[in-house]
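Student: Before anything else, here's the structure in question.
The values are calculated or read from the model by the stated rules, or taken from the named source; none is laboratory data. Just so we're clear, the structure is a prediction, and the values are computed from it rather than from any experiment. Here the Cβ positions follow ideal geometry from the backbone for every residue, glycine too, while neighbour counts run over all protein chains shown.
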């Protein structure tokens, strides 16, 4: 065969020979080839028959054109053996034989066998003429045979049971005891009989089973018990015919199985009790049709259907499923996994009421019938509670986010912020990422760190804190007054502290303002009362500066006088002993006095919170430094349109922000001081007038006394004259009366006698 192939590719090749060779090659299984390896190591197929297409799924022309195309089909694990086989054939000149796997372009895995004989040319090139055939089927058969033999051997080796070959009369013909707990050597068993090792009753039972197996040519089993150091053990012997008048007996220790059967019976009893007593509805239905085989009392109670109404009917017929897609989902899941766990679905009671349950199902086998064990846990109330809880959580979340109060959640374990609301961010000035995961100490929140320990102590004692007044710093360092409330809550299994903080800084400021206003009003009223009831100006002024300093809680308060002719420019002062007194201060520097007067001119209020931050002359600055003044508040005391002086408050310890109520107090007190001074001036004028009036009264009194003496003398003379005149007049009148009386009597007598 080699010669025609070689001739095929010589210049003198005959077309008839080529055609004949092709016909022969096409009828052969596999591929005929001619392979060349040159001295330089290059390799190529000189010829490949048409079988190449069926075997390798490659056209012969392609293989002949490029050796690498065929080479690349070799399985990666077999490339090494392929190269080694070629190298050995080259080195020894022996025929080349190789079996290996290829992967065709379509992805098929094939086993191939190649065989050829090498021939070395004078040039040193080597040519192999050979045949490659498909041995995939043979390899698969060999593999299956090996697997079968290995499986059979593994099965035998894995069987822990005793195996005996026994004759009809009970003689041990062979024995296998590997894996079984047998203490008797094999050679001491073979050739012996049953009665040599077993009790008579077991021997009789075994002989009957052997005879029955041989006579019926069928499997026979028998069970018996044998004593052991651990007590009685149960055994099962299975006998099958293995030859002429002999059986193969497989003996198994079934003690555990027997105990398992007892346990299963006990378990079945327990299951029956659980089935009947379970608070959850339990049903058993056929898997094929879904018809109820058994239902428990809880099903009857929950569904509203009597047992006889449910048995033999399906859940669909009873309209138990609210949504049929839930039933389909259960069946699909059972088909995939054989079990369903806690699938939430709705079911309908006989009354039409819809309830929610967690459904669990599993495929079980009862007497060889595939059934469905179904358990329903009614969670309607729990769902309602969950909905209520979600609503409550939603309300809490909204309250948490929208509350005008600061709400925070702090871990009790390490004191770190778990969550904070927007109000916290707004009031404290911290960003959320700055607060979350950090502690109050790290944020420097507490004004008094001892408050944190106090809160923990109250929480341990009472479990809650209510409206504890304390202070905290915001991010800028401003102290804020708060009412702190807290309660222990558990979030995700971790104990936390829910804190609600009510910022009462403005309220406290308002309360302080009201308190200060009341105190101010009392102070003004007392000052006014003193002014009305006392004329001692020095006492009034001294009391005023004392009480104003106490009210302002400042270091110095004094009343300055705008009078260059006086001995001192200071009328009254109240000062902290730690700082120098300004009382008795007198300046002859007209420029300084003019500047000080200009600062308060035109009834202007002077408020300086920090002396170092204001623009003043060097003289005024030196004056402030002399008396250690850091902040000052000055209110002019006006007498009409004239500047009488000023009521001045100094802060010496530090700069100070003067409050509106403090300024208002000083303004009103300056007015009261002005009234007191005016009253004192009026009193002095009144005293002078009184003195002048007394002199005038004394002079007038002397004049009146002189006039009185003159009047007394005049009255005495008058009395004498009157007495004399009266006496004389009385004498004259009496004489006249007597004459007149006499005349009247004479006339009366004449009338008694008529005229004659």
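Student: Collect the residues in the range 398-439 that are touching a strand residue (DSSP E or B) at 6+ places or on another chain (Cβ under 6 Å), at pLDDT 85 or above and assigned to a helix (DSSP H, G or I), keeping them in residue-number order.
Tutor: Listed by number, the residues that qualify are 423, 424, 427, 435.
Student: Another question, then. I need a count of the residues in the range 72-100 that are part of a helix (DSSP H, G or I) and free of Cβ contacts under 8 Å to residues at least 24 places away in the same chain.
Tutor: Quick first cut of the range 72-100, residues part of a helix (DSSP H, G or I) only: 79-92.
Filter once more, keeping what is free of Cβ contacts under 8 Å to residues at least 24 places away in the same chain: 79-85, 87-88, 91-92.
Selection size over the range 72-100: 11.
Student: Which members of the range 1-40 meet the condition of being at pLDDT 85 or above and under 18 Å from residue 70 (Cβ atoms)?
Tutor: Result: 30, 31, 32, 33, 34, 35, 36, 37, 38.
Student: Right, another one. Select, from 372, 334, 389, 320, the only residue that is at pLDDT below 90 and in contact with a strand residue (DSSP E or B) (Cβ under 9 Å, 6 or more places away or on another chain).
Tutor: Sole residue among the options that is at pLDDT below 90 and in contact with a strand residue (DSSP E or B) (Cβ under 9 Å, 6 or more places away or on another chain): 334.
Student: Could you run through the range 646-701 and say how many residues are in contact (Cβ under 8 Å) with a residue 40 or more places away in the chain and more than 30 Å from residue 625 (Cβ to Cβ)?
Tutor: Here the count works out to 8.
So that you can scan it fast, the table gives a plain yes or no per residue for (1) assigned by TED's automatic domain parsing to the domain that holds residue 108; (2) closer than 17 Å to residue 110 by Cβ; (3) assigned to a loop (DSSP other than H, G, I, E, B); (4) free of Cβ contacts under 8 Å to residues at least 40 places away in the same chain:
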position: 29; (1), (2), (3), (4): yes, yes, yes, no
position: 32; (1), (2), (3), (4): yes, no, no, no
position: 35; (1), (2), (3), (4): yes, no, no, no
position: 41; (1), (2), (3), (4): yes, no, yes, yes
position: 44; (1), (2), (3), (4): yes, no, no, yes
position: 61; (1), (2), (3), (4): yes, no, no, yes
position: 68; (1), (2), (3), (4): yes, no, no, yes
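Student: If you check residue 112 against the conditions, is it touching a strand residue (DSSP E or B) at 6+ places or on another chain (Cβ under 9 Å) and either in a strand (DSSP E or B) or modelled with pLDDT under 90 (or both)?
Tutor: yes
Student: From the list 304, 312, exactly one residue is surrounded by 15 or more Cβ atoms within 10 Å (Cβ to Cβ), on the phi > 0 side of the Ramachandran plot and assigned by TED's automatic domain parsing to the domain that holds residue 370. Which is it?
Tutor: Details: 312 fails: surrounded by 15 or more Cβ atoms within 10 Å (Cβ to Cβ).
Every option except 304 fails the conditions.
Student: Which one of these is out of contact with any helix residue (DSSP H, G or I) (no Cβ under 6 Å at 6 or more places or on another chain), over 27 Å from residue 136 (Cα atoms) and at pLDDT below 90: 93, 51? I'd like the intermediate steps shown before the answer.
Tutor: Numbers: 51 fails: over 27 Å from residue 136 (Cα atoms).
Going through 93, 51 in turn, just one is out of contact with any helix residue (DSSP H, G or I) (no Cβ under 6 Å at 6 or more places or on another chain), over 27 Å from residue 136 (Cα atoms) and at pLDDT below 90: 93.
Student: Now, a different point. Identify the single condition in (1) free of Cβ contacts under 8 Å to residues at least 24 places away in the same chain; (2) farther than 19 Å from residue 42 by Cβ that residue 106 does not satisfy, given that it satisfies every other one.
Tutor: (1)
Student: Just the residues that are without any contact (Cβ under 8 Å) to a residue 12 or more places away in the chain, surrounded by fewer than 16 Cβ atoms within 10 Å (Cβ to Cβ) and touching a helix residue (DSSP H, G or I) at 6+ places or on another chain (Cβ under 9 Å), please, taken from the range 409-455.
Tutor: 431, 449
Student: All but one of (1) assigned to a loop (DSSP other than H, G, I, E, B); (2) within 21 Å of residue 48 (Cα to Cα); (3) at pLDDT below 90 hold for residue 123; which doesn't?
Tutor: For residue 123, the exception is condition (2).
A quick yes/no check of all residues on (1) touching a strand residue (DSSP E or B) at 6+ places or on another chain (Cβ under 6 Å); (2) buried (at least 16 other Cβ atoms within 10 Å of the Cβ); (3) modelled with pLDDT under 90:
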| position | (1), (2), (3) |
| --- | --- |
| 127 | yes, yes, no |
| 139 | yes, yes, yes |
| 143 | no, no, yes |
| 149 | no, no, yes |
| 153 | no, no, yes |
| 156 | no, no, yes |
| 161 | yes, yes, yes |
| 168 | no, no, no |
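Student: Against the condition outside the structural domain of residue 350 (by TED's automatic domain parsing) and modelled with pLDDT of 90 or more, how does residue 228 come out, does it pass?
Tutor: Details: outside the structural domain of residue 350 (by TED's automatic domain parsing): yes; modelled with pLDDT of 90 or more: no.
When the stated conditions are applied, residue 228 does not pass them.
Student: Let me confirm something: among 362, 301, which residue is closer than 24 Å to residue 274 by Cβ and either without any contact (Cβ under 8 Å) to a residue 12 or more places away in the chain or assigned to a helix (DSSP H, G or I) (or both)?
Tutor: On the way: 362 fails: either without any contact (Cβ under 8 Å) to a residue 12 or more places away in the chain or assigned to a helix (DSSP H, G or I) (or both).
Step by step, each of 362, 301 is checked, and only 301 is closer than 24 Å to residue 274 by Cβ and either without any contact (Cβ under 8 Å) to a residue 12 or more places away in the chain or assigned to a helix (DSSP H, G or I) (or both).
Student: Just give me the residues in the range 526-553 being modelled with pLDDT under 80 and either under 16 Å from residue 662 (Cβ atoms) or in a helix (DSSP H, G or I) (or both), in sequence order.
Tutor: 526, 527, 528, 529, 530, 531, 532, 533, 537
Student: I've got another one for you. Among the listed residues 344, 353, identify the single one that is exposed (fewer than 15 other Cβ atoms within 10 Å of the Cβ), farther than 30 Å from residue 268 by Cα and in the same structural domain as residue 317 (by TED's automatic domain parsing).
Tutor: When all the criteria are applied, what remains is 353.
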